[in-house]
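Take a look at the structure below.
Only the coordinates and a few stated rules stand behind these numbers; no lab work does. As the structure is a computational prediction, the values presented were derived from the model and not from experiment. Please note: Cβ atoms are built from the backbone with ideal geometry, for glycine as well, and neighbour counts cover all protein chains shown.
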Amino acid sequence: MDKNFQEEFTQVIKFKPPLYKQRHQFVKDLVEKYKPKKVADLGCADCSLLRMLKFCSCIEELAGLDICANVMKEKMHTLSPLPADYLQPSERSLTITLHHGSVAHKDPCMLGFDLVTCIELIEHLEEPELKKFPEVVFGFMAPSIVVISTPNSEFNPLLPGVMLYRHPDHKFEWNQAQFQSWALETARCYDYSVEFTGVGHPPTGMERAGFCTQIGVFTRKYPQSGESVLSEKPTEAVYKTVFKAVYPSLKDEKYLQNAVISEVIFTAQIIKHRLTSKHEEYGNDPERKSKFQPSMDCFSDYLGKLVVEKNMEPFVSGNEVYIPLAIIFSFPKVNRLCGTFEKLCKLIAGKVTLSSDGSAVMFSIEGE
Ligand code: SAH
């Protein structure tokens, strides 16, 4: 490398966004592309990648593993559900678990993941750990995709202040040829293919230095048959679980029921409001059942369509307003939440006041 050129760049290289964010964004883009349901981050440190991934709606299970419990615990509370998650539970389920342990050991809690990420991890491993790492990750965990990132030592001369390694805990830093030969050999042993890329572009004219962070994306060549996976794997747990959060989800009957009841009451209240304002126009004759009269807004248009097409009508009788459940069920959100009319009836039974035959939601005309 030309020394003058090198000195010139040593002063100016600064990544925007910072390199760690580019690495995490790389993983997030991969998640959005392949939509894995279960993702494990090995060497998760302060859980910052997990914090980002919890917003990816395809993910239902997230796990972190680190050999240093203290660094994980520092910010693990930020992985807990927020009040808003309880107020509006998501349709997907999400469980986040943190384990204390080493990537050199196998634990059954690490089985069944679709994507495993090892971001800036391998260079922290001592030689015996690095030797065991491929068997644990590719042989035992055997996810469909593994992402491994590590510093590219060829870039170091361009970084200000880097003497030997970028971090005092690094046990080694590989150049591109070293990383690629290790990755290709690992992929060959465990029937994976690997593609190389990276983040942190070299400056113009220095392309041969390669990316500042080199990345290997490994893809398993053959699908695993579920049975062979579990029967051959040891079951003894060696990791210690230090954190577990189960997010409220509509897949849980208790949250689904709350959501359905709220939605049913909300929908029925709006219909009632439209109906009673019409009713007042007719006068308050208790003998007369007032009919729904469509007005010009969308909601009423939709309701009007239901009345005509399905011959279902909300009505006022005496001091009560009756809104047939069949109408409420036709509203998209209620319909999506419940799936079937029977499920709607089951979820609101005993929780919402119904007409004596159970076919309509009943409100007093005065009450809100
Ligand atoms: N992945 C993080 C930071 C990586 S720093 C990020 O993207 O920002 C490397 C991490 O690996 C440290 O937190 C360190 O405690 C952890 N580590 C080191 N050796 C390990 C081992 N044998 N098993 C699991 N984690 C290990």
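Among (1) of a type outside the set (D, E, K, R); (2) over 27 Å from residue 258 (Cα atoms); (3) surrounded by fewer than 15 Cβ atoms within 10 Å (Cβ to Cβ); (4) away from the ligand (no atom under 12 Å from the Cβ), where does residue 76 come up short?
All conditions pass for residue 76, except number (3).
Find all pairs meeting these conditions: Cβ atoms under 7 angstrom apart; at least six residues apart or on different chains; first residue within the range 14-37 and within 16 Å of residue 148 (Cβ to Cβ); second residue assigned to a helix (DSSP H, G or I) and within 11 Å of the ligand (Cβ to nearest atom).
Close Cβ pairs (under 7 Å, with a partner that is assigned to a helix (DSSP H, G or I) and within 11 Å of the ligand (Cβ to nearest atom)) amount to 24/48; 24/49; 24/52; 27/49.
Please identify the pairs in which a residue from the range 171-190 that is without any contact (Cβ under 8 Å) to a residue 60 or more places away in the chain and of a type outside the set (Ser, Thr, Tyr) has its Cβ atom under 7 Å from the Cβ atom of a residue that is surrounded by fewer than 15 Cβ atoms within 10 Å (Cβ to Cβ) and not in a helix (DSSP H, G or I), counting only partners at least 6 apart or on another chain.
That search, which allows pairs on different chains as well, returns 171/126; 187/193.
Which one of 210, 161, 198 is in contact with a Ser or Thr (Cβ under 6 Å, 6 or more places away or on another chain) and over 25 Å from residue 67 (Cβ atoms)? Lay out the reasoning, then the answer.
Values: 210 fails: in contact with a Ser or Thr (Cβ under 6 Å, 6 or more places away or on another chain); 161 fails: in contact with a Ser or Thr (Cβ under 6 Å, 6 or more places away or on another chain).
That would be 198, the only listed residue that is in contact with a Ser or Thr (Cβ under 6 Å, 6 or more places away or on another chain) and over 25 Å from residue 67 (Cβ atoms).
Name the residue, out of 63, 84, that is of a type in the set (Gly, Ala, Ser) and within 13 Å of the chain's Cα centre (by Cα). Show your work before the answer.
Working: 84 fails: within 13 Å of the chain's Cα centre (by Cα).
After applying the criteria, what remains is 63.
Looking only at the range 90-113, count every residue that is buried (at least 20 other Cβ atoms within 10 Å of the Cβ) and either of a type in the set (Lys, Arg) or in a loop (DSSP other than H, G, I, E, B) (or both) and tell me the total.
6
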